[in-house]
């Protein structure tokens, strides 16, 4: 693409206002740190803006949506405060080609659930335990720049299987947790003309988005779900193709008045 | 399963009331013919009931839903008349293990769209043209009993790509249409603990559900998406697993009050 | 199927002859214990024979192959002693519809590698550590009869990612290991008209095949990859379809002598 | 990648020497036309060399293989003349990260069959009939630059289902043929750290590789299977990880002498 990729980092931004611990870890909000990770790795190829739940229209006006190539989504405690109408618009933008990177507790966000068609349940535990995200897809662009075949995080919230998602089109990372569980922590799906990447790391009380490897994968993910230039636009609606491309032998009379889509 | 499989054939049943042509093809309603196809092939292994849009609660009370192992769904002109609440319940039953066979224009039904996460758009044409459904998955249980590697239907409505669905977990049939299009006409997905089979044939003005091979595939599909006996029940909700299965080394204090799912 | 399913349990059967520890765990050979697991759960629906590496033709004459619906395969130290010709025949039987259950160190067996198209490398460690196989596909027939959403084994050999296999068509189990690794330990692929199920448990010095849940999954796997009755037979070869099914408009002269497949 | 992508166009190059018709269509060999298609679209980002069956080592010395990021493969009548050793090396290079684009009758080539694990049978017919390749994956990078949602070719050889391949990881094109068949004509698989793209068009007696849309997809395919910069190298072999990443509770004595991989 000759123009920069337009990325919108969407963030709930409620924990930072309420919890001293979160303020301490993310004094300027988690969104600023996620933004910096994307800019660090994609540099001049990208223009990143942020949008917050408590902005007007959650920061997601039609103009912003139209001008977004890739959106990242972090939410946790206030999924219910996202307006259904906005969530539907975000999901529809994905189907029409926008990339979406869903982070951590965004597994329960409205746009993600609308796109998955499942409940996205999981198990969880707060115990500051070790997580290792194992690369099960070497050679995948999302794993570029990783030095080892796993990412180790010293203190994390646990997410465990069964993770109630459709079987991913691509499974990139599987997590090991100290307490005994596993989790499909890096997953890609296509929906319509758009791609969704779910990436698990990101709890608000741990400094996860300062981790160099997490930052790298976040930026890689943004690049991976970015819409390619010049693809046939997504076709909304179900057109009636009255004129066949090849001849149809006359057989019987069709009473077209019977059918409407 | 020692007890019979409990199947509910859901049908919109509006065309038959309005259009003489449809009445002529399906004088007792399409649902009776679909029911007979399932009974013809699954016999004593199955108990089939029917439920219609204009029944109370569309025939889908909580009791009926609870007692249904597999549902088949045919709708076309009145998708919007299906109550959102009922559509949500059907989708949720699938996630909890019920099988769902979606037929023909059911591609635009509310339960199917809720489960897919896409718009399910397609192309279409009314021209009474030849369709051949090619078997691209020989050995698949859904194709058992077919004598050839394709099913030929002499007069059909065309459905063409792009069919806006998630990539199927299993692609069983691909259709060829006389007028020049192709279509993924037999597709399987998992959602939660349940399976969905989309099968394209079934237009209301053509006697499709009398075709022996279509009947066979419809019954095979019901058998294929049936929930296996004795599987671990679907877990609704996201439990907090406070006690790890394996020991976690003490690291730092977690302030559990911060986090609620 | 009205007749019983014909299962051949193939076993390398070398460790038992050499190592007192293995003799102690499996005094009559591992194959007898695997056979008993299948018979325990599938009972009268199944006829199980065994075949050993050191039998003539490894116990896999053409007659045995022709009469086998599902084969299970355990090998470890003597993969190289399996004749290429026999390995090719086993792979070809799978493509023509036979089910194959590959166990534990069978990941490096010739038939498995021929069917996968990859090197099937993995990591490993001998440390008698805990393994938990997490069910990531609730509702899957292979998991029927399991009481919990994981199987725990107290002492196992570790297998770790990256496991160099094609992305599975279905991922059923993911293992957690005490020492820090994960592994895709229950995987299904289709090849031709046949299915392959890889199931990790089974080390020779641990009494894994006496574990009730492992036995259950082994039997479930045999049932799952069994060829359905009445499917269109696999078509060997590439037929020239001289007569089109639909008319082709005359365009130019084709010099058929140019082309031979 | 800062350096150009290194592409090797491998070609059988036998038909051109024997058949006046083929000489007429491809006077300088099909490989020169395929090379020009890649250069036309990837320009300075790519360095393309060609290698021919009748070159020493089929033009595929270890040095050439080591210096190839993406290989394209066209063969038809002389698959058997490709040395097994070379075919194995090509397949192994794919597993270690090289991209492979297999064209038309290359479906029966040794490297493709080694990587698929299936027989790759299909149906065929020489009748100069119309083919339409329908885009079933809008938004896919391989389809960038296409103006319509199908590619129409006026005169082609037919390839029909069942195409005996593993279910593709990504299905991009499905072909319609005038004579009545369909075919999965654009398919992607991962093998090890490398990607394989099969693209059907390309018969030697029709000027297929001059078609602008075919040329575009060929170049897109080369770009799509190119190895990303900086990914963790493919790990050949199965290392013994003696030192666990996390502590293992002492349980019993393991007699390590028993086990060798």
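Observations on the model:
- Hits in region A:89-142 (condition: farther than 25 Å from residue D:190 by Cα, touching a helix residue (DSSP H, G or I) at 6+ places or on another chain (Cβ under 8 Å) and not in a helix (DSSP H, G or I)): A:103, A:109, A:117, A:118, A:119, A:120, A:122, A:126
- Residues located in region B:19-52, provided they are part of a helix (DSSP H, G or I), in contact with a helix residue (DSSP H, G or I) (Cβ under 9 Å, 6 or more places away or on another chain) and farther than 26 Å from residue B:145 by Cα: B:21, B:22, B:23
- The set of residues in region B:185-206 that are touching a strand residue (DSSP E or B) at 6+ places or on another chain (Cβ under 7 Å) and over 17 Å from residue B:100 (Cβ atoms) comprises B:203, B:206.
- Some residue of region D:61-70 being part of a helix (DSSP H, G or I) and facing chain C (nearest Cβ under 10 Å): no
- Within region B:111-145, considering residues that are away from chain C (no Cβ under 14 Å) and out of contact with any strand residue (DSSP E or B) (no Cβ under 7 Å at 6 or more places or on another chain), the one nearest to residue A:94 (Cα to Cα): B:119
- Sub-6 Å Cβ pairs linking a first residue in region A:211-230 that is free of Cβ contacts under 8 Å to residues at least 60 places away in the same chain to a second residue that is surrounded by fewer than 21 Cβ atoms within 10 Å (Cβ to Cβ), at least 6 apart or interchain, are A:228/D:141; A:228/D:144; A:230/D:144; A:230/D:145, ordered by first then second residue.
- Selection status of residue B:80, part of a helix (DSSP H, G or I) and surrounded by fewer than 24 Cβ atoms within 10 Å (Cβ to Cβ): yes
Here's the yes/no breakdown for (1) under 19 Å from the mean Cα position of the chain (by Cα); (2) buried (at least 16 other Cβ atoms within 10 Å of the Cβ); (3) within 19 Å of residue C:196 (Cα to Cα):
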{"residue": "C:7", "(1), (2), (3)": "yes, yes, yes"}
{"residue": "C:18", "(1), (2), (3)": "no, no, no"}
{"residue": "C:24", "(1), (2), (3)": "no, no, no"}
{"residue": "C:38", "(1), (2), (3)": "yes, yes, yes"}
{"residue": "C:44", "(1), (2), (3)": "no, no, no"}
{"residue": "C:55", "(1), (2), (3)": "no, no, no"}
{"residue": "C:66", "(1), (2), (3)": "yes, no, yes"}
{"residue": "C:74", "(1), (2), (3)": "yes, yes, yes"}
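- Positions within region C:148-166 being more than 17 Å from residue C:181 (Cβ to Cβ) and touching a helix residue (DSSP H, G or I) at 6+ places or on another chain (Cβ under 8 Å), in sequence order: C:166
- Residue B:94, sole failed condition from (1) touching a residue at least 40 places away in the same chain (Cβ under 8 Å); (2) under 20 Å from residue B:219 (Cβ atoms); (3) more than 13 Å from every other protein chain (Cβ to nearest Cβ): (3)
- Meets criteria (out of contact with any strand residue (DSSP E or B) (no Cβ under 7 Å at 6 or more places or on another chain) and over 30 Å from residue A:170 (Cβ atoms)) for residue B:212: yes
- In this entry, residue C:85 is excluded by the filter for residues that are more than 14 Å from every other protein chain (Cβ to nearest Cβ), in contact (Cβ under 8 Å) with a residue 60 or more places away in the chain and over 15 Å from the mean Cα position of the chain (by Cα).
A short reminder: the numbers here are calculations on the coordinates, not readings from a lab. Please read these numbers as outputs of a predicted model, since none were measured by experiment. Cβ atoms come from the backbone with ideal geometry, glycine included; neighbour counts cover every protein chain shown.
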